[in-house]
Amino acid sequence: VPSLSLSVADCPGTGSAQAGRAAACQGCPNQKLCAAGGGATEAAALRERLRCVKHVVLVLSGKGGVGKSTFSAILAHGLAADESKQVALLDIDICGPSIPKMMGLEGEQVHQSGSGWSPVYVEENLGVMSVGFLLGSPDDAVIWRGPKKNGLIKQFLRDVDWGEIDYLIIDTPPGTSDEHLSIVQYLGASHVDGAVIITTPQELSLQDVRKEINFCHKVKLPIIGVVENMSGFICPKCKNESQIFPPTTGGAEKMCQNLNVSLLGKVPLDPQIGKSCDKGQSFLSEAPESPATSSYRNIIQSKSGNLCSSESFPF
C-alpha cells in the first residue's frame with residue numbers, strides 16, 4: 001500500500017553532510033539551498049532577524065471559516081492593549097489574506113528602508129505584514145505554487161524590520177500544507193512558544209483539528225491549546241443560550257480531554273464580531289460588554305492576572 005511521509009521531523013539539519021540530500025529532504029522548500037551549502041547561512045540570517053522577538057505564537061485551524069484570522073486579529077488587539085508591549089501580526093495566508101481588512105489597513109502599502117521592509121502600523125505598538133499589502137487590488141487572486149509561497153514567507157521573516165517585539169502572532173491558512181511546513185522549518189532557527197488551534201463545535205471541524213494536532217506532534221510544534229469559536233449563541237434579550245452548531249461528539253472540550261490538549265476557552269457567536277471585522281475595528285473595544293469579549297479576555301488573561309506579564313509563556 002503506498003504511503004506518504006508527512007513529517008519534517010527527520011530533517012538532517014543544515015550543518016549535516018546529508019543536508020538537501022537525505023530522503024527526508026525530498027519536497028522541502030529549502031532542499032536546493034541546503035544541498036548547495038546555503039542552508040546554514042539562511043538559518044543564521046533568520047536567527048539574527050528573529051533574535052529581538054520574545055514570543056512567537058502560530059494560529060492554526062484544520063478547516064477554513066472557523067474564525068482563525070478573526071482570533072488572530074483579536075488576540076493582537078488584546079495583547080497590544082498593554083501599551084508597554086510591542087506586538088506584530090504576520091499574515092501568511094498567501095491566497096486568502098484577510099488581515100488587512102480586519103485591521104482597518106486595506107489599501108495600505110509596504111515601504112522599504114535600509115533595514116528592510118517596514119510593517120504597516122495600526123497603533124504605535126501594533127505592526128502588521130501581509131501579502132495583501134503587495135496586491136494592486138483586494139480582489140486580485142494570488143495564483144502561486146508552493147515554492148513561490150515559501151519564498152515570500154521566508155522573505156517576511158528575514159526582511160521585515162519588526163524591531164524589538166514582545167509577541168509575534170502568525171496567522172496561517174487552514175490545513176497542514178506548504179505554508180505550515182515552511183513556517184515551522186524557518187522558525188526552527190528561533191524559539192516558538194507554540195500553536196493555538198481554532199475550531200468550531202461540530203464534528204466536521206473537530207475531525208480536521210485532530211489532523212492539525214497530529215501535524216504539530218510530528219513537527220514537534222508545542223500546542224498552547226484549542227479555542228472553540230461559535231460556541232453557542234447567547235440571546236442579548238433573554239440571555240438564554242442556543243447551540244447553533246451542536247457539539248454532536250462533545251465539542252472541543254471532549255476532544256481536548258481525549259487528546260490531552262488544553263482547552264483555552266469557548267467563544268460564543270456575536271454578530272458584532274463580523275461587523276467589527278468588516279469595519280476594520282477592534283471587537284474588544286466596540287463591544288466591551290459582549291459575552292464573546294469576556295471569553296476572549298479570559299483566553300488572553302490567566303486566573304492569576306494579565307498573561308501579557310508572563311516572560312516565560314504567553315498563555
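What follows is calculated from the coordinates using simple rules that are stated; it is not laboratory data. These numbers were taken from a predicted model, which means no experiment stands behind them. For neighbour counting, all protein chains shown are included, and Cβ atoms are generated from backbone atoms with ideal geometry for every residue, glycine included.
Give the lysines whose C-alpha is closer than 18 Å to that of K54, dropping any in the same chain fewer than 8 places away, or say none.
K85
Any idea how far apart E253 and E123 come out in nm if each label point goes 7 Å out from Cα toward Cβ?
Here the answer is 3.2 nm between the modelled labels.
For the range 107-263, rounded, prolate or oblate, judged on the Cα gyration tensor with a ≥ b ≥ c (square roots of eigenvalues), a/c < 1.5 rounded, else prolate if a/b > b/c?
In terms of gyration-tensor shape, prolate.
In Å, the Kirkwood hydrodynamic radius of the range 175-315 over pairs of distinct alpha carbons?
With all distinct Cα pairs of the range 175-315 included, I get 16.6 Å.
Would you mind calculating the gained length between W144 and K275 on full extension (0.36 nm times residue separation, minus the Cα-Cα distance), in nm to one decimal?
44.1 nm
Going highest first, how would you order 86-93, 157-164 by mean Cβ packing within 10 Å?
Averaged packing, sorted descending, gives the order 86-93, 157-164.
Using 0.36 nm times the number of residues separating S113 and N214, minus their current alpha carbon distance, what extension gain do you get?
Difference between extended and current length: 32.3 nm.
Rounded to the nearest 0.05, what FRET efficiency do N298 and Q26 have when you use their Cβ-Cβ distance and R0 = 51 Å?
Computed FRET efficiency for N298 and Q26 comes out at 0.70.
For S84 and K239, compute 0.36 nm times the residue count separating them, minus their Cα-Cα distance, and round to one decimal in nm.
Contour length minus the Cα-Cα distance gives 52.2 nm.
Ranked from highest to lowest mean number of other Cβ atoms within 10 Å per residue, what is the order of the peptides 194-203, 74-83?
Taking the mean over residues of other Cβ atoms within 10 Å, the ranking is 194-203, 74-83.
Net charge around T200, counting only other residues with Cβ within less than 11 Å of its Cβ (Lys, Arg = +1; Asp, Glu = -1)?
Net of charged neighbours comes to 0.
Hey, which of these cross-link pairs are over 22 Å Cα-Cα: K101/K220; K101/K239; K63/K254; K63/K266; K154/K279?
K101/K220; K101/K239; K154/K279
How high is the relative contact order of the range 66-164, in percent, with contacts defined as C-alpha pairs under 8 Å that are six or more residues apart?
Averaging sequence separation for qualifying contacts and normalising by length gives 30 percent for the range 66-164.
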